[in-house]
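J.: Sending over a structure as structure tokens; questions will come in a sec.
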Amino acid sequence: MGGSIPPLSTKLHKMAKTVKDYMDAVLKAKNSIPQQTEIILKNNKEAVLNLNRDALFEGENNKGEILGTYKITAFGSGKGFPKFKGTAFNFYDSGNFFKGFDYTFRNNTLSFFSRDSISTTLQDRYGSNIFGLQSEKEKQLNQIIQNDLWDYLRKSL
């Protein structure tokens with residue numbers, strides 16, 4: 001059979017050290033959640049930005065309100081056309097407004113904006129609520145973050 005059984009005090013000492021190490025790892029993981037969330041957002045940037053873009057393409061602000069409807073039918077080619085009379089604005093013309101989408105993540109708060117020059121005009125006309133997420137889109141964002149965050153925590157512990 002071989003080997004001797006270590007004294008109980010040695011077993012407890014090793015177990016206590018293991019628990020302490022685990023507690024340290026938990027604390028370190030907890031403290032790194034904001035930084036890890038930022039990394040997750042960067043790794044999923046287009047999916048995150050599309051949550052706001054998609055709502056605007058449907059003509060809705062971050063409260064789910066329709067921002068306006070077309071008064072006439074406009075024909076054209078490409079994404080966003082035709083624009084039929086009575087349908088919700090889709091905020092897509094040249095595509096520059098959507099291409100200019102970006103976000104900031106500070107103090108655990110995510111804020112959306114567009115670098116396109118029309119952005120200020122659109123905010124003046126339709127309000128700052130053109131940027132941000134409806135509650136359903138927030139749930140989708142939380143799911144993106146949560147999935148990757150759980151993976152990170154499992155690896156950290």
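J.: Any residue that is surrounded by 11 or more Cβ atoms within 10 Å (Cβ to Cβ), polar (S, T, N, Q) and in a strand (DSSP E or B) - is there at least one of those in the range 33-56?
T.: The answer is no; no qualifying residue exists.
J.: Go through (1) within 23 Å of T104 (Cα to Cα); (2) exposed (fewer than 12 other Cβ atoms within 10 Å of the Cβ); (3) among the basic types (K, R) one by one and return the number of the condition K79 breaks.
T.: (1)
J.: If you don't mind, another one. Return yes when T73 is in contact (Cβ under 8 Å) with a residue 12 or more places away in the chain and surrounded by 13 or more Cβ atoms within 10 Å (Cβ to Cβ) and no when it is not.
T.: no
A quick yes/no check of all residues on (1) closer than 15 Å to P34 by Cα; (2) in contact with a Cys (Cβ under 9 Å, 6 or more places away or on another chain); (3) touching a residue at least 24 places away in the same chain (Cβ under 8 Å):
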site: I118; (1), (2), (3): no, no, no
site: T121; (1), (2), (3): no, no, no
site: R125; (1), (2), (3): no, no, no
site: F131; (1), (2), (3): no, no, yes
site: K139; (1), (2), (3): no, no, no
site: W150; (1), (2), (3): yes, no, no
site: L153; (1), (2), (3): yes, no, yes
site: S156; (1), (2), (3): yes, no, yes
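J.: Say whether the condition of being in a loop (DSSP other than H, G, I, E, B), at positive phi and over 20 Å from the mean Cα position of the chain (by Cα) is met by at least one residue in the range 99-121.
T.: no
J.: Checking G68 against (1) on the phi > 0 side of the Ramachandran plot; (2) without any contact (Cβ under 8 Å) to a residue 40 or more places away in the chain, which single condition isn't satisfied?
T.: Evaluating G68 over (1) on the phi > 0 side of the Ramachandran plot; (2) without any contact (Cβ under 8 Å) to a residue 40 or more places away in the chain leaves (2) as the failure.
Per-residue answers, yes or no, for (1) among the acidic types (D, E); (2) within 30 Å of K30 (Cβ to Cβ):
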residue	(1), (2)
L49	no, yes
R53	no, no
E58	yes, no
N61	no, no
F75	no, no
I118	no, no
G127	no, no
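J.: Check off (1) modelled with pLDDT of 95 or more; (2) surrounded by 11 or more Cβ atoms within 10 Å (Cβ to Cβ); (3) in a helix (DSSP H, G or I) for D124 and give me the number that stays unchecked.
T.: (2) is the only condition that D124 fails.
The values are calculated or read from the model by the stated rules, or taken from the named source; none is laboratory data. Predicted model only: the values in this text are computed from it and were never measured. Ideal geometry is used to build each Cβ from the backbone, glycine not excepted, and the neighbour counts take in all protein chains shown.
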